[in-house]
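Here the structure is laid out as structure tokens; the discussion comes afterwards.
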Amino acid sequence: MKAIQDPRHALTAGLAAIRLQYQVPDGFPTEVLAAAAEAARRAPNAHRDRTSEAFVTLDPATSTDLDQAFAIEAAGDDLILYYAIADVSWFVDDGGVIDVEAWRRGTTLYLPDGKAGLYPPALSEAAASLLPDGPRPAVVFAVRIDPAGKASLDSAERALIRSRAKLAYDAVNEADLPAGFAELSRRIVSAEAARGASRVDPPEQEVAAAGEGCYTLSFRPRFMSESRNAALSLAANLAIADALLAAHAGLFRVMAEPDDLAVGRLRQTAKALHLDWPATTSLKEYERALDPADHAEAAMMLAVRRAGEGASYQPYNPGEIPWHSAMAATYVHATAPLRRLADRYVVMAALAVANGQPVSDDLRAAFARLPKIMARADAQSAAIERAVIDLAEAVTLQGREGEAFDAVVTDEDERGARIQLEAEPIVARVVAHAVEPGTRLRVRLAAADPAARTLTFERLT
């Protein structure tokens, strides 16, 4: 982690410039706020009372837009995950001003100095959020996980729940969690390995507020509680995906396998990083064994992530099996409707299917429109994240022009070599060609320009 010294307030000014460049919304129109305030007073009257059940949430400590709460119980050898998802559709009318604004945004955008929510705070951080300060409407999915980790959807219903605790990744204790939490995660991970899935989670660069106008730049660690919590969401998404596919409806998350050429380049990358990749071991088997705490293996994980074309959304098409190569399964996004527009519609389709009802023509029409909307929103979010990192890195190194650094090449293309500085959590580029990934270079910082969000390095050796 690196504390960012910013006496010239370049980071503050730079974040404002990023918001302007990428058209990050500043608040909500008056009519949307008024509609949200009115919707927040809408009393749930189509929901079963499940407030006596011991649901909890598990999120980053500072999160207030809580999409999911969960409870777990044993059913013979199976585990039943009761996964409560915020019932956003209860508050948001199709075609209303809140809905129109959500379609314009697509996702919640996160920046170090604040977020631009998909929905107004009266909903996303209050009435619709599964906070532990009162009953909240939710769609509760009962997901059955058998001993082999196969997840299937038993039922879904609208229900009122009351979260017992707002648990945080960095502070939660095993005793705080429902019995079966760790075992459920173990089963899901075991099932992933059995079907040849691979979820690559390399260290993520992150800029975070540290109080009084200060920020930190780091490679964020992933807590064990976070990984286990992700397994719950994965189980629900897989079970919902299977149910929707059987009903010939839905919006699926799809991703192609890296092609043979990409896999060949990855094998050369592993060789350059002095990593052992046996010829008989597939890419999926190999990447599951990589350790993000190891410098070379983390670089390899980043290379694997960049080798694919990325995930996208696809509505159901007759005769096609939508496939997500990293999951090695049919997969949907259903568990974050407060933060992703598409999830609201997937939740409602799954609720209908689980209760023997047809998926409406309105939902099917939404599924046809959403891929374009979500692609645009995802691209905007990714561009903002990269711009924030570039800004923070430039601010971090401003004033150190002329200094030499040790670096490792992580990959190379027509623009030169991408390098990871060894002593700083910074990824940059340098003009260097015909260098193998894993090559160690000595570079000199020629310029650090926060206004342009650029670093210029020169190769020394």
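Here are some notes:
- Whole-number percent relative contact order across region 401-461, with pairs defined as alpha carbons under 8 Å at least 6 apart: 34 percent
- Full-extension gain in nm, residue 43 to residue 74, via 0.36 nm per residue minus C-alpha separation: 7.9 nm
- Scanning the chain for DSSP H helices at least 20 Å long along the axis (C-alpha atoms) with a Kyte-Doolittle mean no lower than -0.5 picks out 181-195, 224-246, 341-354, 361-397.
- Gap separating the Cα centres of region 248-321 and region 146-190, nearest whole Å: 28 Å
- Global size of region 355-460: 20.8, 68 Å for Rg and Dmax (C-alpha atoms, Rg to one decimal, Dmax whole).
- Kirkwood Rh and Cα Rg combined as Rg/Rh, region 401-461: 0.94
- Note on region 78-172: Cα-only Rg and Dmax are 16.0, 46 Å.
- Using 0.36 nm per residue and subtracting the Cα-Cα separation, the extra length available between residue 182 and residue 433 on full extension is 85.7 nm.
- When exposed loop sites are taken as GluC sites (Glu not before Pro) in a DSSP loop with at most 16 other Cβ atoms within 10 Å, the longest stretch of the chain clear of them is 54-211.
- Dipole of the chain computed with +1 at Lys/Arg Cβ and -1 at Asp/Glu Cβ about the Cα centre; of 460, 346, 365, farthest Cα towards the positive end is 365.
- Inter-site label distance for residue 155 and residue 193 at 7 Å from Cα along Cβ, in nm: 3.4 nm
- Out-of-range pairs (alpha-carbon distance over 30 Å; input 150/284; 115/150; 115/166): 115/150
- When the P(r) of the chain is calculated, the portion above 37 Å amounts to 30% of the C-alpha pairs.
Bear in mind these aren't lab numbers, they're just calculated from the coordinates by the rules spelled out. For clarity, every value in this text was computed on a predicted model and none was experimentally measured. Using ideal geometry, Cβ is built from the backbone for each residue, glycine included, and neighbour counts are taken over all protein chains shown.
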